[in-house]
1. Somewhere in the range 387-401, is a residue touching a helix residue (DSSP H, G or I) at 6+ places or on another chain (Cβ under 6 Å), surrounded by 18 or more Cβ atoms within 10 Å (Cβ to Cβ), of a type in the set (Ser, Thr, Tyr) and at pLDDT 85 or above?
2. Return the residues of the range 138-178 that are of a type in the set (Phe, Trp, Tyr) and within 20 Å of THR82 (Cβ to Cβ); say none if nothing qualifies.
3. If I ask for residues that are touching a helix residue (DSSP H, G or I) at 6+ places or on another chain (Cβ under 8 Å) and either under 21 Å from VAL269 (Cα atoms) or loosely packed, with under 14 Cβ neighbours inside 10 Å (or both), which ones from the range 331-344 would you list?
4. Please determine, by comparing only the residues of the range 101-129 that are in contact with a Ser or Thr (Cβ under 8 Å, 6 or more places away or on another chain) and aliphatic (A, V, I, L, M), which one is modelled with the highest pLDDT.
5. When only residues in the range 345-368 that are of a type in the set (Val, Ile, Thr) and farther than 30 Å from VAL272 by Cβ count, which is surrounded by the fewest Cβ atoms within 10 Å (Cβ to Cβ)?
6. Quick check on my filter: what residues within the range 151-162 are closer than 16 Å to PRO41 by Cβ and in contact with a Ser or Thr (Cβ under 9 Å, 6 or more places away or on another chain)?
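The values are calculated or read from the model by the stated rules, or taken from the named source; none is laboratory data. In this text, all values refer to a predicted model and were calculated from it rather than measured experimentally. Ideal geometry is used to build each Cβ from the backbone, glycine not excepted, and the neighbour counts take in all protein chains shown.
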Amino acid sequence: MFKTVVNAWRTPELKKKIIFTLVILLLYRLGSCIPVPYVDPHTIDPDEFQALGGIFQYLSIMSGSGFSQAKLFALSVSPYITAQIVIQLLTIAIPALERLSKDGEEGRQKINNYTRYLTVALSLVTAYGYYSLIKNQTTFLIATKNETLRMLVMVACYCAGASLVMWLADKINEHGIGNGVSMILFVNILSGGSQAAATLIELIKAGGFYNIFSAILSVIIMLAVIVLIVFITNSERRIPVQYAKRVVGRKMYGGQNSNLPLKLNMAGVMPVIFASSIVSLPATIGAFAQPKEGSFWWKFVNLFTPQSWVYAVLTVGLIVAFSYFYISISFNTVEVSNNLKKNGGFVPGIRPGRPTADYIKKILNRVTLIGALFLIVIAGLPMLANIIDADRFAVIGMGGTSLLIVIGVALETVRDLESQLAMRHYKGFLE
């Protein structure tokens with residue numbers, strides 16, 4: 001990995017792309033420190049959002065603590081990610097969008113434009129909801145006589161911040177290295193890891209066998225999780241494919257052996273994000289509604305806190321369900337089988353057409369189950385740490401999902417650098 005980065009830095013064109021990406025990320029982090037009007041930065045207490053629980057903790061991590069500090073980029077890339085997911089689902093459901101997605105570069109550009117328009121619309125809605133949350137749940141706001149003006153200014157600022165983050169992510173896609181949204185999430189999560197490291201240092205300084213043992217155990221588990229994530233991310237199930245020989249004119253084509261690779265964790269981190277968002281809805285609604293303590297609804301909301309076993313069990317079940325759902329909409333086995341048949345390819349021992357599609361689906365279901373079990377382990381460790389002792393296992397509690405995103409982005413970026421290096425240093429058959 002480090003050798004790849006060094007070689008990329010020595011290549012002038014890639015060096016410019018790396019510097020451009022770093023500058024964009026620096027501008028993003030500077031924007032994450034800019035306060036908005038009517039917010040008193042001296043009274044901000046990030047623990048107020050942590051106490052709300054629910055999806056607010058997840059948004060705080062994904063925004064690099066900008067959400068819990070009411071900064072300009074508080075919404076971060078959340079509206080952009082949501083818009084991309086919605087457009088992707090609509091592409092499956094609406095035939096016109098599906099045809100547009102297959103219409104080459106022009107069609108993809110139109111879909112990107114639709115995604116940007118939807119991002120702005122979602123930013124407006126999310127910004128108003130965020131303003132309502134700050135107004136009702138925190139003491140951040142400066143008192144004013146004209147509350148309508150305050151609301152309009154703050155909603156406009158947060159919406160503009162989300163739109164600017166979307167623009168920065170697109171610029172990384174065009175002129176930088178890696179995926180823009182992934183790189184911004186990468187920086188946000190790394191910036192939030194300092195708090196877990198500080199908690200770990202405080203445990204060691206406090207002394208005592210239990211404190212030191214908890215700190216060492218947290219580090220060992222985190223390193224084991226990193227190794228597991230790297231192993232599963234790079235693992236794949238390869239289905240052998242053989243291409244029949246065919247004669248075109250005086251030349252013979254085909255006859256070679258290849259394979260169809262299926263990633264063990266093909267769904268990535270999306271099932272965990274979907275499951276966490278849905279399970280956190282009751283706690284999120286409870287933060288707005290504020291049910292009376294001791295009432296039925298108060299007890300019902302407490303069942304869905306991260307420290308509850310009900311929360312953990314539901315999250316595990318939804319991760320498995322969303323893993324299969326996401327694969328079913330993103331990987332079409334019938335289309336893959338038809339493409340193999342058109343190109344003269346077939347799986348040895350399996351007839352082309354429908355039998356090949358059924359065989360690929362059978363293998364895919366097994367692979368998806370392994371990926372779902374992997375995601376359960378990754379997402380379950382932080383929940384188990386929160387249930388046992390959230391303070392002593394802060395490094396684990398920072399989130400296996402966060403580690404999955406960070407490591408996934410790092411591996412993806414290195415692969416991107418390797419492919420660009422190979423393309424620029426390819427000598428060709430003449431040399």
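1. no
2. TYR158, TRP167
3. Across the range 331-344, the qualifying residue is only PHE331.
4. Looking at the filtered set, the residue picked out is VAL120.
5. Residue satisfying both the conditions and the ranking: ILE350.
6. Passing the criteria: TYR158, GLY161.
Conditions tested, residue by residue: (1) crowded, with 20+ Cβ neighbours inside 10 Å; (2) of a type in the set (Ser, Thr, Tyr); (3) within 21 Å of SER65 (Cα to Cα); (4) free of Cβ contacts under 8 Å to residues at least 24 places away in the same chain.
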{"site": "LYS135", "(1), (2), (3), (4)": "no, no, yes, yes"}
{"site": "ALA143", "(1), (2), (3), (4)": "no, no, no, yes"}
{"site": "ASN146", "(1), (2), (3), (4)": "no, no, no, yes"}
{"site": "LEU203", "(1), (2), (3), (4)": "yes, no, no, no"}
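Here's the yes/no breakdown for (1) in a loop (DSSP other than H, G, I, E, B); (2) under 19 Å from GLY31 (Cβ atoms):
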residue: SER76; (1), (2): yes, yes
residue: PRO79; (1), (2): no, yes
residue: GLN109; (1), (2): no, no
residue: ALA127; (1), (2): no, yes
residue: TYR131; (1), (2): no, yes
